[in-house]
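Below: one structure, written as structure tokens.
The values are calculated or read from the model by the stated rules, or taken from the named source; none is laboratory data. What you see is a predicted model; the values in this text were computed from it and never measured. Note that we place each Cβ from the backbone using ideal geometry, even for glycine, and neighbour counts take in every protein chain shown. Areas reflect the complete protein model, heavy atoms only, side chains present, ligands, DNA and RNA absent. Shrake-Rupley method; radii C 1.70, N 1.55, O 1.52, S 1.80 Å.
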Number of protein chains: 4
Amino acid sequence: MKAGVIGAGRIGKVHIKNISMYVPEVEIKTVADPFMNAETEEFVRKCGVTKVTKDAEEILQDKEIEAVIICSSTDTHSKYIIEAAKAGKHIFCEKPVDYDLKKVHEAIDTAKEANVKLQIGFCRRFDHNHRGVYDVVRSGKIGDVHMIKISSRDPEPPCIDYVKVSGGIFYDMMIHDFDMARFLAGDEVVEVNAVGSVLVDPEIGNAGDVDTAVVTLKFAGGAIGMIDNSRKAVYGYDQRVEVFGSKGCVRNENDIPNTVIVSDAENTSYANTYSVMWDRYTGAFVSEIQAFADAVVNNKETPVTGMDGLYPVLMAAAATRSAREGRPVKIAEVE
Amino acid sequence: MKAGVIGAGRIGKVHIKNISMYVPEVEIKTVADPFMNAETEEFVRKCGVTKVTKDAEEILQDKEIEAVIICSSTDTHSKYIIEAAKAGKHIFCEKPVDYDLKKVHEAIDTAKEANVKLQIGFCRRFDHNHRGVYDVVRSGKIGDVHMIKISSRDPEPPCIDYVKVSGGIFYDMMIHDFDMARFLAGDEVVEVNAVGSVLVDPEIGNAGDVDTAVVTLKFAGGAIGMIDNSRKAVYGYDQRVEVFGSKGCVRNENDIPNTVIVSDAENTSYANTYSVMWDRYTGAFVSEIQAFADAVVNNKETPVTGMDGLYPVLMAAAATRSAREGRPVKIAEVE
Amino acid sequence: MKAGVIGAGRIGKVHIKNISMYVPEVEIKTVADPFMNAETEEFVRKCGVTKVTKDAEEILQDKEIEAVIICSSTDTHSKYIIEAAKAGKHIFCEKPVDYDLKKVHEAIDTAKEANVKLQIGFCRRFDHNHRGVYDVVRSGKIGDVHMIKISSRDPEPPCIDYVKVSGGIFYDMMIHDFDMARFLAGDEVVEVNAVGSVLVDPEIGNAGDVDTAVVTLKFAGGAIGMIDNSRKAVYGYDQRVEVFGSKGCVRNENDIPNTVIVSDAENTSYANTYSVMWDRYTGAFVSEIQAFADAVVNNKETPVTGMDGLYPVLMAAAATRSAREGRPVKIAEVE
Amino acid sequence: MKAGVIGAGRIGKVHIKNISMYVPEVEIKTVADPFMNAETEEFVRKCGVTKVTKDAEEILQDKEIEAVIICSSTDTHSKYIIEAAKAGKHIFCEKPVDYDLKKVHEAIDTAKEANVKLQIGFCRRFDHNHRGVYDVVRSGKIGDVHMIKISSRDPEPPCIDYVKVSGGIFYDMMIHDFDMARFLAGDEVVEVNAVGSVLVDPEIGNAGDVDTAVVTLKFAGGAIGMIDNSRKAVYGYDQRVEVFGSKGCVRNENDIPNTVIVSDAENTSYANTYSVMWDRYTGAFVSEIQAFADAVVNNKETPVTGMDGLYPVLMAAAATRSAREGRPVKIAEVE
């Protein structure tokens, strides 16, 4: 299967490299990026791709290309989904589809009408530790789900310029956890209560955002979820989930670079978790793109559908309003 | 120092035994219990106490007795505190002082006026694991407190008759966690948001209570707290806390009966935590009564004051109202 | 059952206190110690014992006393065992019975002829972690035993004066591990190879001993054992065992004072194990004396017999010779 | 740098793939294998290698090829090392160089005279967990090395035909641990004592080998080493090391596929370690070949020299004799 990649920034390069190394059934024919330069060209060529362009149209109009991987800036996601769908191409699109719910719906609907596959890049569903928890939950081993707890903390806040335009912590950071909560629960959220504080950096507060946030989720079936986010965990990228059920509890710990344990006169210690997201989720990026290839090649449902792209945006909208208004907000209020 | 114990039920017996074994500076002179019987008398005698009675007045009017340990039913706590205080005796009283805030205030005020020590039995503050977390937080090692997470799950729900009169999960179970949250934060809670579900046993719902509850706390200083409770964790008494701060994170794991790790062809496993509260908090009960003796004998402030007894009741009141009304409730609303 | 304790040094006091607190079926009538002083008398009295003496004969000749707990110096163990046995008293004797094999045999034989119970104080068999491993091995869960590994390291070397007279590391320290190896294997050792070095303190070498030692054991059934000892582990009292079998592996970790885990910018750390033997094996001392009382009162075989006292001495003798001669030594050579 | 690979069996393929994916400074020009077939050709081609041959001479005589990676059968290692050295090519050779010490010396000497790099494929030195322990030891954090413990257990015995010709457990399996012991100790072994048993499969005994083996090592500086091997650990590939020193202790645990922890009514469990060597040491194979490329390209000493290839063979020879003769054997006896 021939594919095109639109957007060759950080995440685009990761997908290009992973496809070349781990996804033999996909051949990247063309990479498009409006800022295509010599360095990127060199990188792309080393990954076995021969054609580069600044114009995404060259991909969208290439009949030979069956699938498009959209890694461009968020504001172009829905546009490219719609164009690719109309051109009959299967689509992998980085999260989020868009923050404008109307555009999200339009993108999903167009893909559906065109009968093309659409997968949203919620890579954490493919992480070995989170997937391991998911598998235990789905196996029934812990019975009915009663509570879901997600800790998700970044090692460093993003730069203030990003904070100003990102849509806020619920849209740019907790959106992954909203997806994870739904994924683990196997149920939909009906109400959200968000609490936020500015504890890490007052500049974040000045930019209208919070840097520490806790959200409580009510699921349709009665289960309760909790998510905590911090923009700054000095000990690294802290990513843990726990699901408590009628027959038991399953949780995971952070990955660490090695298993070395040192005991000296003072205490016993081991390595902190990774401080770089790309190190922590290395395998997840590989697995998600393999899953997309598998869905297209073997004509299966994609494991993260367009609707899976929509719901976390709804949750982010509800959380943002909840934090602002100091009250629980129903998903139905923001739909 | 001579002491009297009012109430020789389960918790009373624990204190009597612990004092006889681990608190050499205290001699229990008298044990009073309206249901005093031969079995209890035998137990008490083995602990070196010679005088038993059905009438608490024999303790309250005994000039030789300097301290009273109140382990009677909750509805008599404030009454005995007031009487003991007026008799000039130092007081250790099991939690909660009362659910009626007026009575709590009256008890605290009377003890204050009488200038006697008053310690409330929030034993978990003395647990080696929770105290260990507290010590790290207070040492400044993790910097400013940003988030507090408390998981507190019982192995089995109480009997339905108890559920009907206990005041509900926020009063009878989460009250310990409310105390723990304040203890770890070193700050006061200003607002509470509670979510509850009936997932364990519909009878609990019929009794007007929930069996699964999650509470979010806003502290005065901006920190955020989360508490989750379940009436039924099949794997045992699950008691973990985590404090996240500007310079790090500290948490604890459950105690387990031994450190044995077995690897067979299937997986690697170890023992579950204790399923009986008394096994889990054995050392905590010893330490709290030692701390009380220390406070009285060496004229120190008690480590859990009357006000420490008041605040968790306020939080329980706010949480109860929050769960009922589906909105965050300020502590100021229930004071 | 009335008992007498001969020897009220450190270990004697531990047994006296434990019996008074945890072994209701035993009443200590008399404590004898040639160096009995006011302080010891006070301690003993607090434990509810009223009679103290400098003369062990007062115990041995007291018809009312059914059981003797021998905690005197090693050189008097066999003498008191023989006398107590002849007086028809059941015997708990601290390890080792004696380093002179002839005396050990005589003591065991006399107890056998007199038909009295004899238990040797290998307390580690009663430790919750080691017992937990033993239980898994005996349950058959890991199949046939193939290998046994024991790490046993002290926080500090004993004083040089003790090293000079102790009989050496294999007699005074590894003897516990020799017992543990037999206990876990459920089989007898037939050959021993010992390697020793002086790495901790040259004074220990000057005293004719080693401070770091590794012993390999061949069991009759083909299993292989390894024991490592060091006189100085700066991180505490390190006591771990591992049993590898045809169907799995079971091991334990050190106990730690609490489960607190701290992550800061540098690493993640937790508390070291105990640095004091009495803290580490607190529960084991209680359990072993309870087991002795149970054996006597309910007429069961003691869980550590006289022969269990003999074999580790044989192993120590073989290990000492092996280290000296630089060759494996068969147990049959030293019997 | 252009390289040739001699031998395209399992390990050869791993190196070819890793070079193509992770070692950009090396280009494999030719792959030679006497059993070259269509399948291997296809594999090699996908890795970007265009030239395949059945004749190693095509590599050895190709002036353009600067480095040779020898992955052929053990009996051809020394021959190819010598030929490659004489042709002036740098050499990476799989372990062991040879079991015939004369041949090992000749190979090493020839490489030395030809002034070419020689690296032996002891991949475990590059494993993140073992390397992590090594780094702590070398940092001085645990002080002087007193003891080294290595557990190395395979999930399944090799087929009996292999056992018959492999040279025995000390040559084909423990040789990795001999290398690890020297690597961690930073010192040479002077004496070896080996104990072996047939506990896994009597057929292994019939073939003249043992399947369970424990070796004690004396290092020149006085440190003591212990290695235990089993041909069959039902719970997976068990690879752990521990180094105990004057200032502390460092050890590692097995890698596991994920960090998921499940608590149900019975116990708490997590995943076993890997059961396939290639999964366990994936990263190590990459790192060792990167290290070789680095040594050649940047003209550094290789991290595993020819002498590092020699010593483990000496230790295997000594261990084999020790097990046979039932006595410690000095390395000097087998040199």
Exercise. If A:Glu266 passes every condition in (1) out of contact with any helix residue (DSSP H, G or I) (no Cβ under 9 Å at 6 or more places or on another chain); (2) buried (at least 20 other Cβ atoms within 10 Å of the Cβ) but one, which one does it miss?
Worked result: (2)
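Take residues that are within 14 Å of chain D (Cβ to nearest Cβ) and tell me which of the helices (runs of 4 or more DSSP H) falling wholly in the range A:197-315 contain 1 or more.
On the way: elements: A:202-206, A:277-280, A:282-297.
Helices (runs of 4 or more DSSP H) meeting the threshold: A:277-280, A:282-297.
With respect to D:Val163, determine if the residue is of a type in the set (A, V, I, L, M, F, W, C), over 25 Å from D:Pro328 (Cβ atoms), away from every other protein chain (no Cβ under 14 Å) and not in a helix (DSSP H, G or I).
Values: of a type in the set (A, V, I, L, M, F, W, C): yes; over 25 Å from D:Pro328 (Cβ atoms): yes; away from every other protein chain (no Cβ under 14 Å): yes; not in a helix (DSSP H, G or I): no.
It is false that D:Val163 is of a type in the set (A, V, I, L, M, F, W, C), over 25 Å from D:Pro328 (Cβ atoms), away from every other protein chain (no Cβ under 14 Å) and not in a helix (DSSP H, G or I).
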Exercise. Which residues, counting only those in the range A:11-29, are of a type in the set (Lys, Arg) and farther than 20 Å from A:Val276 by Cα?
Worked result: A:Lys29
Exercise. Taking into account only those residues within the range C:316-335 that are over 17 Å from C:Asp209 (Cβ atoms) and hydrophobic (A, V, I, L, M, F, W, C), which is surrounded by the fewest Cβ atoms within 10 Å (Cβ to Cβ)?
Worked result: C:Ala332
For this session: With the checklist (1) over 17 Å from D:Leu217 (Cβ atoms); (2) open to solvent by less than 30 Å² (accessible area, probe 1.4 Å) in hand, flag the one item D:Met173 doesn't pass.
Result: (1)
For this session: Kindly indicate whether A:Phe170 is of a type in the set (Phe, Trp, Tyr) and over 27 Å from D:Ser269 (Cβ atoms).
Result: yes
For this session: Taking B:Ile224 as the residue in question, decide whether it is under 30 Å from C:Ile142 (Cβ atoms) and more than 19 Å from the chain's Cα centre (by Cα).
Result: no
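Residues checked against (1) more than 14 Å from chain C (Cβ to nearest Cβ); (2) at pLDDT below 95; (3) closer than 25 Å to C:Val215 by Cα; (4) assigned to a helix (DSSP H, G or I):
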| site | (1), (2), (3), (4) |
| --- | --- |
| D:Lys149 | no, no, yes, no |
| D:Pro158 | yes, no, no, no |
| D:Phe183 | yes, no, yes, yes |
| D:Glu191 | no, no, yes, no |
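Which of the strands (runs of 3 or more DSSP E) found entirely inside the range B:9-116 contain at least 2 residues meeting this: open to solvent by 20 Å² or more (accessible area, probe 1.4 Å) and at pLDDT 95 or above?
Working: elements: B:27-32, B:51-53, B:67-70, B:90-93.
So the answer is B:27-32, B:51-53.
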Exercise. Would the range D:215-229 turn up any residue that is touching a residue at least 40 places away in the same chain (Cβ under 8 Å), under 23 Å from C:Phe219 (Cβ atoms), out of contact with any Gly (no Cβ under 7 Å at 6 or more places or on another chain) and open to solvent by 10 Å² or more (accessible area, probe 1.4 Å)?
Worked result: no
For this session: Tell me, please, whether a residue that is in contact with a Gly (Cβ under 8 Å, 6 or more places away or on another chain), away from chain C (no Cβ under 14 Å) and more than 19 Å from B:Gln290 (Cβ to Cβ) can be found in the range B:13-30.
Result: yes
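Identify, from the list A:Lys141, A:Lys117, A:Lys103, the residue that is among the basic types (Lys, Arg), closer than 26 Å to D:Asp255 by Cβ and more than 14 Å from the chain's Cα centre (by Cα).
Details: A:Lys117 fails: closer than 26 Å to D:Asp255 by Cβ; A:Lys103 fails: closer than 26 Å to D:Asp255 by Cβ.
Criteria check complete, one pass: A:Lys141.
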Seminar exercise, completed: Counting only residues in the range A:117-147 that are in a helix (DSSP H, G or I) and polar (S, T, N, Q), the one farthest from the other protein chains (Cβ to nearest Cβ) is identified as A:Ser139
For this session: Might you let me know whether the range A:54-67 holds any residue that is over 18 Å from A:Glu301 (Cβ atoms) and of a type in the set (Lys, Arg)?
Result: yes
Exercise. Which residues, counting only those in the range D:125-142, are buried (at least 21 other Cβ atoms within 10 Å of the Cβ) and among the charged types (D, E, K, R)?
Worked result: D:Arg125, D:Asp127
Exercise. Of everything in the range D:188-200 that's more than 18 Å from the chain's Cα centre (by Cα) and open to solvent by 50 Å² or more (accessible area, probe 1.4 Å), which residue is nearest to D:Arg124 (Cα to Cα)?
Worked result: D:Val190
